[in-house]
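Here the structure is laid out as structure tokens; the discussion comes afterwards.
The values are calculated or read from the model by the stated rules, or taken from the named source; none is laboratory data. Just so it is clear, the model here is predicted, and its values are computed rather than measured. Ideal geometry is used to build each Cβ from the backbone, glycine not excepted, and the neighbour counts take in all protein chains shown. Accessible surface areas use protein heavy atoms only, side chains included; no ligands, DNA or RNA. Shrake-Rupley method; radii C 1.70, N 1.55, O 1.52, S 1.80 Å.
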Amino acid sequence: MQDLLSYIIWDPKPEIFKIGSFGLRYYSVCWLLAFAASYYFMLKVFKKENKSQDLLDKLTIYIFVGTLVGARLGHCLFYDFEYYKDHILEIFIPFQKDPAGNWHMTGFTGLASHGGALGILTAMWLFCRNTKTDFIWLADRLVLVVPIAGAFIRLGNFFNSEIIGNPTELPWAVVFSNIDNIPRHPAQMYEAIAYTLIFILLWSMYQRNHKPIPGKLFGLFLILLFGARFVIEYVKIDQVEFEAGMLLNMGQILSIPFILVGIFLLLRKPKEIKRV
């Protein structure tokens with residue numbers, strides 16, 4: 001390895017400030033920015049297509065709840081089931097019990113993006129059923145903002161020094177000092193950059209034609225975002241112990257169905273999908 005001083009040394013405190021027991025974390029701010037950016041751009045879409053802001057406000061509540069519940073369940077079921085199967089209550093509360101039997105507030109220490117995606121889809125289905133909104137119409141618009149939200153969340157992961165990459169000697173390697181002194185791929189930033197580029201592409205396509213062929217933007221989004229996730233997983237360390245030695249890790253396995261659905265949507269004939 002080269003001299004560590006030739007790499008980026010990353011050792012920020014996770015909290016922006018702390019007053020008493022309350023601390024504002026960068027990760028929390030990034031989550032708020034994710035939803036704020038999503039709302040801003042979706043409001044532009046709704047105004048452009050003569051949809052009411054009240055409808056968007058209702059959608060925002062559905063998506064917020066769906067994202068958090070789905071991401072939490074995704075982590076507990078896909079990545080840490082061995083622990084949570086014996087600690088079911090801890091799935092739903094921000095507390096954990098230590099070996100001595102004492103409870104401590106820890107916050108929700110695990111969220112999984114694939115679970116979040118399933119939570120969003122479920123929330124969309126419920127919203128569309130309750131408001132008589134066409135699912136494909138909504139999917140083609142909502143995927144315009146999901147990538148920029150994902151970029152903010154990965155930025156939050158970067159501030160938390162989590163989801164780190166494998167060791168590398170590339171000049172942009174990052175040493176996450178609170179983890180170890182090994183230069184690593186900044187995998188979180190790879191994803192953040194990829195998601196930002198996907199956002200720019202999809203938003204540009206929509207701006208050129210705000211009435212796309214139903215299902216096409218949704219399909220392209222699934223292929224690009226989960227395809228990027230699949231590739232970037234190769235430079236990440238294993239997130240959980242059981243992934244060691246696996247040909248594909250859990251993130252890649254969970255990405256494949258989304259990619260296949262995206263391919264199906266792109267190859268499906270337009271007349272088979274009802275145009276709004």
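Residues are listed down the side, and each one gets a yes or a no for (1) of a type outside the set (Gly, Ala, Ser); (2) assigned to a helix (DSSP H, G or I); (3) closer than 27 Å to Met124 by Cα; (4) modelled with pLDDT of 75 or more:
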{"position": "Lys51", "(1), (2), (3), (4)": "yes, no, yes, yes"}
{"position": "Asp54", "(1), (2), (3), (4)": "yes, yes, yes, yes"}
{"position": "Lys58", "(1), (2), (3), (4)": "yes, yes, yes, yes"}
{"position": "Leu73", "(1), (2), (3), (4)": "yes, yes, yes, yes"}
{"position": "Glu90", "(1), (2), (3), (4)": "yes, yes, yes, no"}
{"position": "Gly101", "(1), (2), (3), (4)": "no, no, no, no"}
Considering only residues that are open to solvent by less than 20 Å² (accessible area, probe 1.4 Å) and polar (S, T, N, Q), which ones fall in the range 129-170? Asn157, Ser161, Thr168
Restricting the first residue to the range 204-215 and requiring it to be among the aliphatic types (A, V, I, L, M), which pairs with a second residue that is open to solvent by 60 Å² or more (accessible area, probe 1.4 Å) meet a Cβ separation below 9 Å and a spacing of at least six or different chains? Ile213/Pro270; Ile213/Arg275
Do we find a residue being of a type in the set (S, T, N, Q), more than 30 Å from His210 (Cα to Cα), in a helix (DSSP H, G or I) and at pLDDT 70 or above anywhere in the range 19-30? yes
Search the range 251-265 for residues being under 15 Å from the mean Cα position of the chain (by Cα) and open to solvent by 20 Å² or more (accessible area, probe 1.4 Å), and hand back the single one that is nearest to Ser204 (Cα to Cα). Phe258
Considering only the range 236-250, state which residues are surrounded by fewer than 16 Cβ atoms within 10 Å (Cβ to Cβ) and in a helix (DSSP H, G or I). Glu241, Phe242
Hey, does the range 206-225 have a residue that's in a helix (DSSP H, G or I), touching a Pro at 6+ places or on another chain (Cβ under 7 Å) and not aliphatic (A, V, I, L, M)? yes
Being buried (at least 18 other Cβ atoms within 10 Å of the Cβ) and modelled with pLDDT of 75 or more is the requirement here; does Leu121 meet it? no
Going by what's in this entry, would Arg229 be described as over 21 Å from the mean Cα position of the chain (by Cα) and open to solvent by 10 Å² or more (accessible area, probe 1.4 Å)? no
Just one of Glu169, Glu162, Glu191, Glu233 is closer than 22 Å to Ile253 by Cβ and outside any helix (DSSP H, G or I); which is it? Glu162
Could you list all residues from the range 171-205 that are open to solvent by less than 20 Å² (accessible area, probe 1.4 Å), aromatic (Phe, Trp, Tyr) and more than 16 Å from Ala149 (Cβ to Cβ)? Phe176
